[in-house]
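The values are calculated or read from the model by the stated rules, or taken from the named source; none is laboratory data. Small disclaimer: the values here were computed from a predicted structure and weren't measured. Note: ideal-geometry Cβ built from the backbone for every residue, glycine included; neighbour counts use all protein chains shown. When the accessible area is computed, the model is the full protein with side chains, heavy atoms only, and any ligands, DNA or RNA have been set aside. Shrake-Rupley method; radii C 1.70, N 1.55, O 1.52, S 1.80 Å.
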Amino acid sequence: MLLGTQRVNARGHLEIDGCDAVDLARQFGTPLYVMDEATIRERCRAYLAAFRDRYAKFRLAYASKACLCAGICPLFEAEGLDMDVASGGELYTALQGGFPAARLVFHGNNKSEAELRLALEAGVGRIVVDNSLELERLEALAAERRAPIDILLRCTPGIDPHTHELVRTGQVDTKFGFDVNGCAALTAICRALQAPGLRLRGLHCHVGSQLLDTEAHEAATHVMVELLAAVRRQMGVVLEELNMGGGLGIRYREEDRPPSLDAFADALVHALQEALARHDFPAPTLIHEPGRALVGEAGTTLYTVGAIKEIPGLRTYVSVDGGLSDNPRPALYDARYEVLLANRAAVPPDTVVTIAGQHCETDTLFPDARLPALRPGDLLAVQSTGAYHFSMASNYNRYPRPAVVLVADGRADLLVRRETYTDLVRNDVMPERFRKG
Ligand SMILES: *Cc1c(COP(=O)(O)O)cnc(C)c1O
């Protein structure tokens, strides 16, 4: 499976938008996260077009927790997207990346007062209020300010999507948001509408992630429009924004079949139009905030093969120079991937091996990779690692985090420098009483 701008070049190497993977590994070292600019831009445009062709009032935001560093922000800005941030650190990074604050949407189920202040001082466009404590904090902060604070309320539609437990967020039993089925959502909406310094612009929900069908999104659309209609009926207010979150799945393996953007937009806009017609409700601005669907397939991770251990009749372990610290998804979500031999990419696979990480535990990355026979020094490429890989990386075992490069039309720009051993001890403090000499 080749994705985006990937191809096999005349040297038999994997190439990503004109950059030879072997050259990238030589220049930047491994493990290496490679992000393909053309694929990111193409996904942004295709997502926007799929919805705008069917529904004029549509806005797209990039959920930056999928992959965020300063240098990636200009891409989303240039493509006309808004951007989601879900912590003070993401907000700070987006601002460092020059992203316009007014196009930022601030999420989080436990925003601190300091984070809320940072967001207000920066002038973020929307704060998505998750709970009553946050509503109280914002009311207090609003009293110190002249301009009203634009908010959305995060609601929980009570929809249980078909996806991994850790990325389900739309069901009743979740830490996120105000419950629609009880009366928490209506109560919070009523309170937000009455709060003097707050301007409630609309409602938000996010049902889950890596969804491979449209069912949960469609069901949530019906619930949310019904809630908009109830607000109008009970409070006489027509809310004008409906943010339906992200969650569209991508291809990690050849057999994964996420809906196409056109099929996805078709189903969702159809559900929305139907629900609006049923309640005779005026069309709100529809907002989506995908992360994975925009950057997931645009990322490739390169590893160098090291030790190979064959257990006759049982299994062959191939260790690579990364693992749990640069890709926790196999451990967290039982995630599966396609793995290619980047330096002999035209050779057909004829063995099945288990690719192991190098951490001090059984950090199996890919239990059943189909590859040609491997030798130490070979270069492996793992597909669809653009979302939730770099952003979830850790320093477990004190491995420095890998570099991130952006490739575009034969050039490669460093987005994040590889950490050094010096970086690893930068914040370590030796107590005075232990110091020698
Ligand atoms: C994580 C998240 C998203 C993006 O999810 P994807 O599955 O990457 O599209 C969108 N909205 C909210 C509130 C999120 O927490």
Original post:
within 26 Å of residue 20 (Cβ to Cβ), assigned by TED's automatic domain parsing to the domain that holds residue 32 and more than 16 Å from the ligand (Cβ to nearest atom), is that true of residue 369?
Top reply: yes
Original post:
Before we move on, is residue 2 of a type outside the set (S, T, N, Q), outside any helix (DSSP H, G or I) and in contact with a helix residue (DSSP H, G or I) (Cβ under 9 Å, 6 or more places away or on another chain)?
Top reply: no
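Would it be correct to say that residue 419 is among the acidic types (Asp, Glu), part of a loop (DSSP other than H, G, I, E, B), open to solvent by 10 Å² or more (accessible area, probe 1.4 Å) and within 30 Å of residue 313 (Cα to Cα)?
No.
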**OP:** May I ask you to verify whether residue 276 is crowded, with 17+ Cβ neighbours inside 10 Å, within 16 Å of the ligand (Cβ to nearest atom) and at negative phi?
**Re:** no
Original post:
All but one of (1) touching a helix residue (DSSP H, G or I) at 6+ places or on another chain (Cβ under 7 Å); (2) more than 30 Å from residue 330 (Cβ to Cβ); (3) surrounded by 17 or more Cβ atoms within 10 Å (Cβ to Cβ); (4) not charged (D, E, K, R) hold for residue 86; which doesn't?
Top reply: (2)
**OP:** Take the range 354-367 and flag every residue that is open to solvent by less than 60 Å² (accessible area, probe 1.4 Å), of a type outside the set (Ser, Thr, Tyr) and more than 12 Å from residue 330 (Cα to Cα).
**Re:** 359
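Check the range 387-409 and report whether any residue there is under 27 Å from residue 73 (Cβ atoms) and over 24 Å from the mean Cα position of the chain (by Cα).
yes
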Original post:
Quick one: what pairs do we get from the range 202-218, first residue within 8 Å of the ligand (Cβ to nearest atom), second among the polar types (S, T, N, Q), C-beta under 7 Å, 6+ apart or different chains?
Top reply: 204/243; 206/169; 208/163; 208/169; 209/163; 210/163; 211/163
Original post:
Is the range 57-64 home to any residue that is touching a Pro at 6+ places or on another chain (Cβ under 7 Å), surrounded by 19 or more Cβ atoms within 10 Å (Cβ to Cβ) and not polar (S, T, N, Q)?
Top reply: yes
**OP:** Can you confirm whether the range 177-184 contains a residue that is open to solvent by 20 Å² or more (accessible area, probe 1.4 Å), under 21 Å from residue 286 (Cβ atoms), within 16 Å of the ligand (Cβ to nearest atom) and not aromatic (Phe, Trp, Tyr)?
**Re:** yes
Subject >> Residue satisfying all of: in the range 231-263; more than 16 Å from the ligand (Cβ to nearest atom) and open to solvent by less than 10 Å² (accessible area, probe 1.4 Å); farthest from residue 296 (Cα to Cα) among these >> reply: 231
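Residues in the range 185-214 that are of a type in the set (S, T, N, Q) and either out of contact with any helix residue (DSSP H, G or I) (no Cβ under 8 Å at 6 or more places or on another chain) or open to solvent by 40 Å² or more (accessible area, probe 1.4 Å) (or both): how many? Let's see the steps before the verdict.
First, the residues of the range 185-214 that are of a type in the set (S, T, N, Q): 187, 194, 209-210, 214.
Among the residues that remain, those that are also either out of contact with any helix residue (DSSP H, G or I) (no Cβ under 8 Å at 6 or more places or on another chain) or open to solvent by 40 Å² or more (accessible area, probe 1.4 Å) (or both) are: 187, 194.
Qualifying residue count for the region: 2.
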